[in-house]
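The values are calculated or read from the model by the stated rules, or taken from the named source; none is laboratory data. In this text, all values refer to a predicted model and were calculated from it rather than measured experimentally. Methodologically, a virtual Cβ is constructed for each residue, glycine included, from the backbone with ideal geometry; neighbour enumeration extends over all protein chains shown.
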Amino acid sequence: MARVKTLKAVYTFRATTEAMKMEQCAREHEIPGRLIPVPRQISAGCGMAWAAPAEAKTRTDEQIRLWGVEVEGFYELLL
């Protein structure tokens, strides 16, 4: 049975340390999502990306700004 793809907010990072900072921020503030390998459709510096449900984008953006996480790019993808 195939997994149903859903729209995700995907954030990419230039450095692995920024990806790890995002993961720590998300855990501490209970932001949904997880670190994933960068999807084939895009490319990014460190090879890691944060994937969150699309409906969590506003909250995720706010925490990224507050924590000073340096994001390389943002994409909306079906994953």
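Total residues in region 36-79 satisfying the condition of being hydroxyl-bearing (Ser, Thr, Tyr) and modelled with pLDDT under 95: the figure is 1. Are there any pairs with C-beta distances below 6 angstrom linking a residue in region 1-29 that is over 17 Å from residue 73 (Cβ atoms) to a residue that is of a type outside the set (Val, Ile, Thr) and in a helix (DSSP H, G or I), with the two at least 6 apart or on different chains, and if so which? Going by the 6 Å Cβ cut-off, the qualifying pairs are 25/63; 25/67; 29/63.
Being assigned to a loop (DSSP other than H, G, I, E, B) and within 9 Å of residue 11 (Cβ to Cβ) is the filter here; which residues of region 45-79 pass it? Passing the criteria: 69, 71, 72. Pairs meeting the criteria (first residue in region 52-79 and under 14 Å from residue 21 (Cα atoms) and touching a residue at least 60 places away in the same chain (Cβ under 8 Å), second residue surrounded by fewer than 16 Cβ atoms within 10 Å (Cβ to Cβ) and basic (Lys, Arg), beta carbons under 7 Å, at least 6 apart or on different chains) are 72/14.
Per-residue answers, yes or no, for (1) surrounded by 13 or more Cβ atoms within 10 Å (Cβ to Cβ); (2) in contact with a His (Cβ under 9 Å, 6 or more places away or on another chain); (3) not polar (S, T, N, Q):
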position	(1), (2), (3)
1	no, no, yes
21	yes, no, yes
24	no, no, no
39	yes, no, yes
65	no, no, yes
68	no, no, yes
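Selection of region 1-33 for residues being outside any helix (DSSP H, G or I) and under 18 Å from residue 65 (Cα atoms) yields 9, 10, 11, 12, 13, 14, 15, 29, 30, 31, 32, 33. Being in contact (Cβ under 8 Å) with a residue 12 or more places away in the chain and more than 17 Å from residue 15 (Cα to Cα) is the filter; apply it to region 30-44 and report the residue that is nearest to the chain's Cα centre (by Cα). So, considering only residues that are in contact (Cβ under 8 Å) with a residue 12 or more places away in the chain and more than 17 Å from residue 15 (Cα to Cα), the one nearest to the chain's Cα centre (by Cα) is 33.
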